[in-house]
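Data block below; observations after.
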Amino acid sequence: LCYSSAKLAMSTPPDMMATVCSTDAHFNRVQQASDNTVYAGSRDLSALLKVSKMSGSLEWILGGPFSDFVTIDLNGTEYPAGYEYWTHQHNFEWVGSNKFIMFDNGASDPVTGTFDHESRFLMIEVDEIAYTATVVWEWSTGEEAPIWGDADLLPNGNVVGPSWNQYVDPTSEDELANYQAHIWEVTSEKELAWSMHVEGACIHAFGCNPESPERYLRRSSEAPMGWAIYSAERFMVAPAVTSIVATASSKKESKSSGVGGTIAIEAYMAYRSSTAVEAHAVVTTADGTVLGKAKFELAAMWAATNVEVDIDSDSWTTLEEEGTVSVEVYSAKGEATVMELTYDEHLRVTSRGRDEHVRVAECPGVASASAVRQSFDGGPHFEAKDIA
């Protein structure tokens, strides 16, 4: 793989290929992002490698001393290719739209516990033409974790992941300093959504002297003694349906196409996956009559999926007469979410230059000009969303 890289073969100095290919890699995350693209996260190289699956060749290196990319931080400061902006990271992964996220351990030497900066969640956006990697979001855990860690981007834009600190202080006034392991969920505004903390016993096996508790080092070499969490995963029991909007066709459109209206749905996969999964959307009346259905794929890595279910003219008339219909989204595995759509004949907006009826899901306490939004902590939860 390493010696197949055309980029390394043309590198300066000429012996760069031999240097890179003889360096230990320690891969701790491998992800197949498409039929031909594999990303491999190397802890010891502080880098992500993009590999062509078909040819088996190395396309580029992102991060670390052999990086092909200029890094740009949140302040716009540029760091040349080869500058180690992140170090000894874990779970470096693609999350869609040329964005990547990682748990940046920040350790220049995990064995000695030497750190360049505190461990953090870090998200970057890559331009493969300009060869730049721009930091778009980061959040510091305030800790130093020599190894392990994770950071996952959730459908609502939050990031969840674990951390642990190489030092614990049972005498500190900071309550969290006495805990050995943590899970954090952080919003895009860097506010803490929730957290979980594990308090280990003060015992010799964990590096703490119970007879005289004080700040103690709780690792052996680079590995933790006591509680630590390598990875934390969020999943749901069924696809999340976050928006349902019903739009009636104009009379002219209905006559020419036979489509009386469309149910537009925004949904997310129930769990994080590197590949899209088959799914179905079905609109039915209370007695189970199917008004319309669509087969589609829920997007990979918790990207939003938008699907439209066309309802023919006769069935749209039934929808108007029924007043309330069910919208079901289910995966090929049978994981299903069912939501109600209530017809509101009084709402009218102008869209794309035509006078159209827009029907939206109505719920208790929500204005009629709203769309249903299901929270990602289990819901149901609704918030008003002006679509006019």
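In table form, for the structure just shown:
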{"read-out": "Summed side-chain charge close to F27 - residues other than F27 whose Cβ falls under 14 Å, Lys, Arg +1, Asp, Glu -1", "value": "0"}
{"read-out": "Net charge over other residues, Cβ less than 10 angstrom from the Cβ of A151 (K, R count +1; D, E count -1)", "value": "-4"}
{"read-out": "Shape call, the stretch 108-207: gyration tensor on alpha carbons, a/c limit 1.5", "value": "oblate"}
{"read-out": "Centroid-to-centroid separation of the stretch 261-294 and the stretch 81-128 [C-alpha atoms, Å]", "value": "37"}
{"read-out": "Cα-based convex hull volume of the stretch 193-290 per residue, rounded to whole Å³", "value": "213"}
{"read-out": "Cα principal axis extents for the stretch 22-156, largest first, Å", "value": "40, 33, 31"}
{"read-out": "Sites matching GluC sites (Glu not before Pro) across the stretch 170-252 that sit in DSSP coil, with at most 15 neighbouring C-beta atoms within 10 Å", "value": "E173, E189, E191, E199, E211, E214, E233"}
{"read-out": "Distance violations [Cα-Cα > 29 Å] among K251/K295; K50/K295; K99/K190; K190/K333; K255/K293; K252/K295", "value": "K50/K295; K190/K333"}
{"read-out": "Amide H within-cut-off set for T87, under 5 Å, with H built and near neighbours excluded", "value": "N105, G106, A107"}
{"read-out": "³J(HN,Hα) computed for each position of the stretch 148-160 - Karplus, 6.51 cos²θ - 1.76 cosθ + 1.60, integer Hz, glycine/proline x", "value": "6, x, 7, 8, 10, 7, 8, x, 8, x, 6, 10, 10"}
{"read-out": "³J(HN,Hα) computed for each position of the stretch 170-184 - Karplus, 6.51 cos²θ - 1.76 cosθ + 1.60, integer Hz, glycine/proline x", "value": "x, 9, 6, 6, 6, 4, 6, 5, 8, 9, 8, 9, 9, 10, 10"}
{"read-out": "Rounded, prolate or oblate (a/c below 1.5 giving rounded, otherwise prolate when a/b exceeds b/c) for the stretch 159-208 by Cα gyration tensor", "value": "prolate"}
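Taken together, the values in this text are just the output of simple stated rules run on the coordinates, not laboratory data. Note that the coordinates shown come from a computational prediction; the quantities given were computed from them, not determined experimentally. Positions of Cβ are backbone-derived with ideal geometry, glycine not excepted, and every protein chain shown enters the neighbour counts.
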